[in-house]
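Have a look at the structure below before the remarks.
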Amino acid sequence: MAKTRIVTGDRPTGKLHIGHYFGSLKNRVKLQDDYEEYILVADVQALTDNFNNPEKVAKNVREIVMDNLSVGLDPEKATIYLQSMIPETAELTVFYSNLVTIARLERNPTVKTEIAQKRDIFGESVTYGFLGYPVSQAADITVLGGEIVPTGEDQKPLIEQTREIVRKFNSIYGEVLKEPQVLLSENKRIKGLDGNEKMGKSLGNAIYLSDSEEEIRKKVMTAITDPARIKKDDLGNPDVCMVAYYHNLFNKEDYEQACKECRAGQRGCVECKKKLIENINKELAPIREKRKYYEEHPEIVDKILKDGTEKARKLAKETMKEVKKAMKIDYFE
Ligand code: ATP
Ligand code: MG
């Protein structure tokens, strides 16, 4: 029996961090055995808010592939591919753009938040390309016939947008497209070192999977702790402490112990941070090692991406045949 198809991905706007690790990568690794998994390196989408910085996007393409491989994604099972080398997606985006109103895009809460965060890039008026990235994302998913889309919480409104486009397309042109389901991981949204609700690679508050031991030590030392706690024997509140928050992700037992001792004023913040640094490094050591191998073999990384893209493009071409037939623009077939 054919396996259910998953499409998910990352924007090459920076290296991947522990928010991605707990929010999506661990889940991807788990799903690769039972699903047909496609992982998109979304360089075209990354250009929507980095159009004036193409070097940044180009430079991060290989980094994203290496991050995915180093956490355990197996190219024999999961297909990693590049968005810009699937031109069918751009074609489908044009057709979809007739099925979405500008008002609907402007109401999308994720797009709204992102536009507000990116005033330095867009000023008072956002570009057509950025406002429309949910349309292009709908094309990414459906051109491969994605049935399940595992993502973090920020992506939920975007998948809803995809579902609306699919319903509209099917109601006008006939039942051609699959309506994808969103699959939220248990850790829907990992907070940043600064306490921000989201750790983001464009937000400067992340611990990267590729950070060295020294970088991790420095970053954890700056993490926000309970501001009301000055001395070790002050009774602390781990609920407002980022160090406790990350303990909970890396080691539940240590988290409970840390909370108990913090509330009782028995463990100081520095000691608590040291334990966290140790736990993070324990988890990241094998990932770092695998990454080093790929860093030393860029030709292997490129081959994985090229082969994956070729495989994905075959699916995209099949979908476009159906789409054009349904839209009656298959004149010379
Ligand atoms: P950018 O700031 O450039 O948008 P990003 O950090 O949001 O970068 P993306 O490449 O946009 O990363 O997202 C890749 C995937 O990781 C998406 O499924 C997204 O929901 C998920 N993700 C991103 N950040 C987090 C986070 N802090 N917690 C959980 N999941 C996350
Ligand atoms: Mg994002």
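Once the range 1-39 is narrowed to residues that are within 24 Å of Ser210 (Cα to Cα) and of a type in the set (Lys, Arg), the residue that is nearest to the chain's Cα centre (by Cα) is Arg11. Of the listed requirements (1) assigned by TED's automatic domain parsing to the domain that holds Gln266; (2) at pLDDT below 95; (3) open to solvent by 20 Å² or more (accessible area, probe 1.4 Å), Asp154 misses just one: (1). The residue list Glu175, Glu147 contains one member that is at pLDDT 95 or above, more than 15 Å from the chain's Cα centre (by Cα) and over 22 Å from Ile86 (Cβ atoms), which is Glu175. Can you pull out the residues in the range 105-156 that are of a type in the set (S, T, N, Q), in contact with a helix residue (DSSP H, G or I) (Cβ under 9 Å, 6 or more places away or on another chain) and either assigned to a loop (DSSP other than H, G, I, E, B) or away from ligand 2 (no atom under 16 Å from the Cβ) (or both)? Asn108, Thr127, Thr142 - these are the residues of the range 105-156 that are of a type in the set (S, T, N, Q), in contact with a helix residue (DSSP H, G or I) (Cβ under 9 Å, 6 or more places away or on another chain) and either assigned to a loop (DSSP other than H, G, I, E, B) or away from ligand 2 (no atom under 16 Å from the Cβ) (or both).
To keep it simple, each residue is scored yes or no on (1) open to solvent by 60 Å² or more (accessible area, probe 1.4 Å); (2) assigned by TED's automatic domain parsing to the domain that holds Leu16.
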position	(1), (2)
Lys231	yes, no
Leu235	yes, no
Asn248	no, no
Cys262	no, no
Gln266	yes, no
Ile280	no, no
Asp307	yes, yes
Glu310	yes, yes
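Residues that are in contact with a Pro (Cβ under 9 Å, 6 or more places away or on another chain) and within 15 Å of ligand 1 (Cβ to nearest atom) occur at least once in the range 184-200.
Each residue in the range 29-43 was checked for being more than 14 Å from ligand 2 (Cβ to nearest atom) and buried (at least 24 other Cβ atoms within 10 Å of the Cβ), and 2 pass. The residues in the range 157-207 that are charged (D, E, K, R), open to solvent by 60 Å² or more (accessible area, probe 1.4 Å) and closer than 16 Å to Val143 by Cα can be counted, and the count is 6. Taking the criterion of being surrounded by fewer than 16 Cβ atoms within 10 Å (Cβ to Cβ) and at pLDDT below 95, the residues of the range 268-278 that qualify are Val270, Glu271.
Matching residues to (1) within 15 Å of ligand 1 (Cβ to nearest atom); (2) of a type outside the set (Lys, Arg); (3) in contact with a Gly (Cβ under 8 Å, 6 or more places away or on another chain); (4) at positive phi:
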| position | (1), (2), (3), (4) |
| --- | --- |
| Val7 | yes, yes, yes, no |
| Val29 | yes, yes, yes, no |
| Gln32 | no, yes, no, no |
| Thr48 | yes, yes, yes, no |
| Asn53 | yes, yes, no, no |
| Val57 | yes, yes, no, no |
| Ile64 | yes, yes, no, no |
| Val71 | yes, yes, no, no |
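Against the conditions (1) open to solvent by 20 Å² or more (accessible area, probe 1.4 Å); (2) over 28 Å from Lys118 (Cβ atoms), Ile6 satisfies every one except (1).
The number of residues in the range 283-295 that are open to solvent by 50 Å² or more (accessible area, probe 1.4 Å) and either under 13 Å from Tyr246 (Cβ atoms) or touching a Lys or Arg at 6+ places or on another chain (Cβ under 6 Å) (or both) comes to 1.
Report whether or not Met85 is away from ligand 1 (no atom under 11 Å from the Cβ) and buried (at least 21 other Cβ atoms within 10 Å of the Cβ). For Met85, the condition - away from ligand 1 (no atom under 11 Å from the Cβ) and buried (at least 21 other Cβ atoms within 10 Å of the Cβ) - is not met. No other residue among Arg267, Arg229, Arg217 is in a helix (DSSP H, G or I) and not acidic (Asp, Glu) apart from Arg217.
The values are calculated or read from the model by the stated rules, or taken from the named source; none is laboratory data. A quick note: this is a predicted structure, and the numbers were derived from the prediction, not measured. Counting neighbours? That spans all protein chains shown, and the Cβs are built from the backbone with ideal geometry, glycine included. All accessible areas refer to the heavy atoms of the entire protein, side chains included, with ligands and DNA or RNA removed. Shrake-Rupley method; radii C 1.70, N 1.55, O 1.52, S 1.80 Å.
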